[in-house]
Amino acid sequence: MLLKLFKNKVKLTKVQIRACCSSVQGEPKGPSVKTPIPGPNSKKLHAELHKIQYAGTIQLFINYLKSIGNYLVDVDGNVILDTFSQISAAPLGYNHPELLKVFKNDDNLRRLVNRPALGLFPGDDYPEKVKNIFSQISPCLPKIYLMMCGACSNENAFKHLFLAYQRKKRGNKPFTEEEKTSALLNKPPGCPNLTILSFHNAFLGRTFACLAATHSKFIQKVDLPSIDWPAAHFPKYKYPLEENKRENEEEDRKCLAEVEDLMQKYEKKGTPVAGVAVEPLQSEAGNYEASPEFFQQLQKIVKKNNAYLLFDEVQTGGGASGKFWFHEHFDLETPPDVITFSKKMQLGGYFHSEELTPDVPYRIFNTWMGDPGKLMLLEVIIEVMRKQNLLDTVQKTGKKLKCGLHELESEFSNLINSVRGVGTLLAFDAKDENMRSEFSKKLLNKGVLVGNCGSKGIRFRPALTFEESHVDIFLDKFREVLKEINK
Ligand SMILES: Cc1ncc(COP(=O)(O)O)c(C=O)c1O
């Protein structure tokens, strides 16, 4: 049916002809736009929904039955090349045939329908399934906990760090009576004054503890009570990196000195830092990267201060950097203590070191503790990634996209700058916020969806199946936009 949908297309343009080599089964040859976007059907649904649910963030309504591969089909019939893939959460694009097969299997369907409370009554296939997935993607950490979303994973991982920190301090002795009673009143010593150090501009999620470690936009925080947790500056590099090496190394040193300073200051205040939480690439903040040396030194400082290091790989994990985990680019002495994930992994969770394993039940727990349905999908996603060498695809695609953006950056230096990132986790800045918004709108109306980041950045978060032919389409469309604006 989908093939039929795209059969009666108009004459192929230059871009479409080049795009013919996309290997994604059933994909159209390129975007096609029938109405202004959002179109009338999207607007109608928006108004309808808004009557019962605040719809202020909703951009478009999508027909997920017709969307395919790297293309969204909206409810007005517009076919849109998706470079944002559900905020980086659709690793194989839309309606991947291998994923569609999963629930055609009756056993899988029954496992999906009878959703268990995995912390209490997992199914007979659960240990094997977790072991299979774990053995293929574990970032050299021996244990895993499954959760639901990114914030839920970070929130529980913070708890995990605190529990281990206190267990070590207590010397594995049982809780005192005072600890037990004071904990019920939110008071020390039961609820100790411990902190997590995070970084300016970080985004770690929107639950309360995550928000205390999030510093990207005021709109996420104002009016909500928070905790006095320290935040150091994350390096902000000058681009191009090769021409600003010395200044950027100095930036690393400054930020690391601040981390050490804050850790000592909070120790003296009686609120020691139990953990340092960091994104390997600050995504929401603007796709800001830091050098491997920065992260190597950070790990040393964290260890020296007897704290734990948590990498938030919610947005960066799952292959889009060209390695399965972004921090694999850093060549760290030892793995970090905790790595949280979600998005491309379909469910949340974290890997952790042996030392962090809880010693009594119900310290970390919730009803679902993951989702067997999503685990089934993840197992297939990993298999497809391996069979189709999707990490190689990401490396090639990322390189081509970055080169193309650099070319546009030198041709239209008055409009765009600071191309940055790794793999397909790329971004650039528009001259200002208004221009960023003009870029996004014009691109969308040419059938290309991009994401925002920071105050004036455009961010790429395509599926792992985004190929060089898709890059050609994006670059041609974006060049058209830049020329129109530059007239
Ligand atoms: C780095 C990072 N951490 C945490 C989160 C929160 O994830 P979720 O929205 O699933 O709660 C996000 C979401 O974008 C993220 O990018």
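If packing is taken as the average number of other Cβ atoms within 10 Å across a peptide's residues, how do 383-395, 312-324 rank, most packed first? Let's see the in-between values first.
On the way: 383-395: 16.4, 312-324: 25.9.
The peptides rank, most packed first, as 312-324, 383-395.
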For the chain, longest principal axis from Cα atoms; helix 292-304 axis from its Cα atoms; angle between them, nearest 10 degrees, is 20
Given the C-alpha centroids of segment 352-398 and segment 48-98, what is the distance between them in whole angstrom?
24
What number in nm² do you get for segment 153-201 if you take the convex hull of its Cα atoms and divide its surface by four?
4.3
Cα centroid separation - segment 130-191 against segment 260-329, whole Å
18
For segment 273-368, alpha-carbon Rg and Dmax in angstrom
14.0, 40
Cα gyration tensor of segment 143-386 - equivalent ellipsoid semi-axes, whole Å, descending:
28, 24, 17
Give a residue-ordered list of calculated ³J(HN,Hα) values for segment 150-155 (Karplus: 6.51 cos²θ - 1.76 cosθ + 1.60, θ = phi - 60°; whole Hz; x for Gly, Pro).
x, 4, 4, 5, 5, 4
Which whole-Hz couplings ³J(HN,Hα) result when phi for each residue of segment 340-356 is put into the Karplus expression 6.51 cos²θ - 1.76 cosθ + 1.60, θ = phi - 60°, listed in order with x for Gly and Pro?
9, 8, 5, 6, 4, 7, 6, 9, x, x, 7, 8, 8, 6, 4, 4, 8
Rounded to the nearest 0.05, FRET efficiency between K187 and F365 (Cβ-Cβ, R0 22 Å) equals 0.45
On alpha carbon coordinates alone, what is the Rg over Rh value for the chain, Rh being the Kirkwood radius?
0.98
Exceeding the 26 Å Cα-Cα cut-off - candidates K221/K456; K180/K269; K456/K477; K323/K431; K168/K269; K323/K374:
K323/K431
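Where does the chain land at 222 nm, in deg cm²/dmol rounded to the nearest 500, when only DSSP H runs of n ≥ 4 count, each adding -39500 (n - 2.57), divided by all residues? Kindly include the intermediate steps, with their values, before the conclusion.
Working: 16 runs with 194 residues, N = 487.
Roughly -12500 deg cm²/dmol at 222 nm, from the helical runs in the chain.
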Calc'd 3J(HN,Hα), segment 28-33, phi into Karplus 6.51 cos²θ - 1.76 cosθ + 1.60 (θ = phi - 60°), Hz, glycine/Pro = x, comes to x, 7, x, x, 9, 10
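Throughout, read-outs are computed from the coordinates displayed, never taken from laboratory work. Just so we're clear, the structure is a prediction, and the values are computed from it rather than from any experiment. Quick reminder, even Gly has a Cβ in these numbers, built from the backbone with ideal geometry, and neighbours come from all protein chains shown.
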